[in-house]
Amino acid sequence: MITAENLTKRFGAKTAVDGISFEVRPGQVTGFLGPNGAGKSTTMRMIVGLDRPDAGSVTVNGRPFAQHAAPMTEVGALLDAKAVHPGRTAEAHLRMLAATHGIGMARVAEVMELTGIAGVARRRIGGFSLGMHQRLGIAATMLGDPHTLILDEPVNGLDPEGVHWVRGFVRSLAAEGRAIFLSSHLMSEMAQTADHIIVLGKGRILADAPVGDFLRGSERERTRVRSSDARRLGLLLADPGVAITQAAADTLDVEGLPAAQITRVAVNADIDVHELVPLRGSLEEAYLALTGDAVEYRSDPAALAA
């Protein structure tokens with residue numbers, strides 16, 4: 001379990017993390033989202049003692065990370081998959097880490113098998129792809145069989161099979177009762193993996209909720225309606241507060257009107273309704289709507305079109 005209370009970090013005049021409090025609970029995957037520069041990596045670094053907070057505190061399983069006698073058995077952290085010596089082999093790298101905690105070779109072999117790198121155990125890390133670096137990093141986090149895992153962008157560079165494996169892996173760890181703190185920019189993947197979402201923007205928490213609650217709290221009512229006269233129905237439904245998109249020749253996606261009202265308008269105009277389906281917003285749509293004002297580096301579409 002990770003508990004942060006009023007956690008704050010400044011770099012000169014810039015406040016990277018601004019008084020945030022949150023918990024990462026056992027038995028679930030907590031997704032950590034936010035635009036670049038939001039303070040996610042700084043937060044993760046403070047959790048494992050790589051950055052010192054200017055105010056507040058953070059504990060892992062009840063203690064600051066540095067106070068654990070055998071920290072690798074409490075928390076496994078993957079913050080930078082390429083922060084390894086390129087001249088070492090994968091096996092030598094893991095054996096070196098294992099030696100710091102008295103972990104034997106049997107466990108080294110076990111985590112290499114678990115993460116699919118046993119076949120390249122004696123290859124030098126400098127020749128690894130980014131995806132293989134990620135698998136090696138995940139193997140390192142599991143050496144001490146920890147209760148808590150912190151994974152910063154673990155699917156970066158993985159092929160679809162690797163992404164699928166990471167999803168199943170972290171879900172299985174959460175099912176065992178472990179606390180998983182996972183950051184990613186892949187919203188579709190996070191929607192399938194996370195139980196709980198924490199969204200950071202400009203160093204502050206914008207949302208901290210179960211995924212389902214987060215989606216319900218941020219979406220407008222949207223309905224897909226298929227009818228005998230979509231064009232005329234669209235004209236009848238048009239209103240400044242209503243957004244209408246033509247999904248097909250006979251189908252409209254209507255945002256901002258309840259389904260019952262759409263039906264009444266159609267019936268009163270003698271338009272047959274063949275289908276009426278509520279549309280649920282995606283995690284990506286909810287995230288973009290929430291963080292629109294918190295993006296630090298924004299591209300200019302006009303400049304791209306020029």
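Structure data summary
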{"item": "Residue in region 157-168 that is of a type in the set (Lys, Arg) and either within 30 Å of Gly37 (Cα to Cα) or exposed (fewer than 15 other Cβ atoms within 10 Å of the Cβ) (or both) present", "result": "yes"}
{"item": "Qualifying residue in region 177-190 (condition: acidic (Asp, Glu) and either in contact with a helix residue (DSSP H, G or I) (Cβ under 8 Å, 6 or more places away or on another chain) or buried (at least 18 other Cβ atoms within 10 Å of the Cβ) (or both))", "result": "yes"}
{"item": "Residue within region 134-143 that is in a loop (DSSP other than H, G, I, E, B) and either touching a residue at least 12 places away in the same chain (Cβ under 8 Å) or out of contact with any Phe, Trp or Tyr (no Cβ under 9 Å at 6 or more places or on another chain) (or both) present", "result": "yes"}
{"item": "Breaking point among (1) modelled with pLDDT under 90; (2) touching a Ser or Thr at 6+ places or on another chain (Cβ under 6 Å), for Leu233", "result": "(1)"}
{"item": "Residue count for region 147-194, restricted to those that are touching a Phe, Trp or Tyr at 6+ places or on another chain (Cβ under 9 Å) and acidic (Asp, Glu)", "result": "1"}
{"item": "Hits in region 142-156 - residues which are surrounded by fewer than 19 Cβ atoms within 10 Å (Cβ to Cβ) and over 12 Å from the mean Cα position of the chain (by Cα)", "result": "Asp145, His147"}
{"item": "Candidate set from region 182-223 (those that are hydroxyl-bearing (Ser, Thr, Tyr) and assigned to a strand (DSSP E or B)); member that is modelled with the highest pLDDT", "result": "Ser183"}
{"item": "Answer residue from region 124-133, given it is modelled with pLDDT under 95 and not in a helix (DSSP H, G or I) and is surrounded by the fewest Cβ atoms within 10 Å (Cβ to Cβ) among those", "result": "Ser129"}
{"item": "Residues (at pLDDT below 95 and touching a strand residue (DSSP E or B) at 6+ places or on another chain (Cβ under 7 Å)) located in region 89-120", "result": "none"}
{"item": "Residue among Arg88, Arg25 that alone is at negative phi and within 19 Å of the chain's Cα centre (by Cα)", "result": "Arg25"}
{"item": "Tally, over region 50-73, of residues that are surrounded by 13 or more Cβ atoms within 10 Å (Cβ to Cβ) and in contact with a Gly (Cβ under 6 Å, 6 or more places away or on another chain)", "result": "3"}
{"item": "Every pair of residues 6+ apart whose Cβ atoms lie under 8 Å, when the first sits in region 109-121 and is in the same structural domain as Pro154 (by TED's automatic domain parsing) while the second is part of a loop (DSSP other than H, G, I, E, B)", "result": "Val111/Met142; Val111/Leu143; Met112/Ala121; Leu114/Met142; Thr115/Met142; Val120/Phe128"}
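Okay, residues lined up against (1) free of Cβ contacts under 8 Å to residues at least 24 places away in the same chain; (2) in the same structural domain as Val199 (by TED's automatic domain parsing); (3) closer than 17 Å to Thr148 by Cα:
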| site | (1), (2), (3) |
| --- | --- |
| Glu23 | yes, yes, yes |
| Val29 | no, yes, yes |
| Lys40 | no, yes, no |
| Pro53 | no, yes, no |
| Gly56 | no, yes, no |
| Gly62 | no, yes, yes |
| Met72 | no, yes, yes |
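The values are calculated or read from the model by the stated rules, or taken from the named source; none is laboratory data. These numbers were taken from a predicted model, which means no experiment stands behind them. A quick note on method: Cβ atoms are made from the backbone with ideal geometry, for glycine too, and the neighbour counts reach across all protein chains shown.
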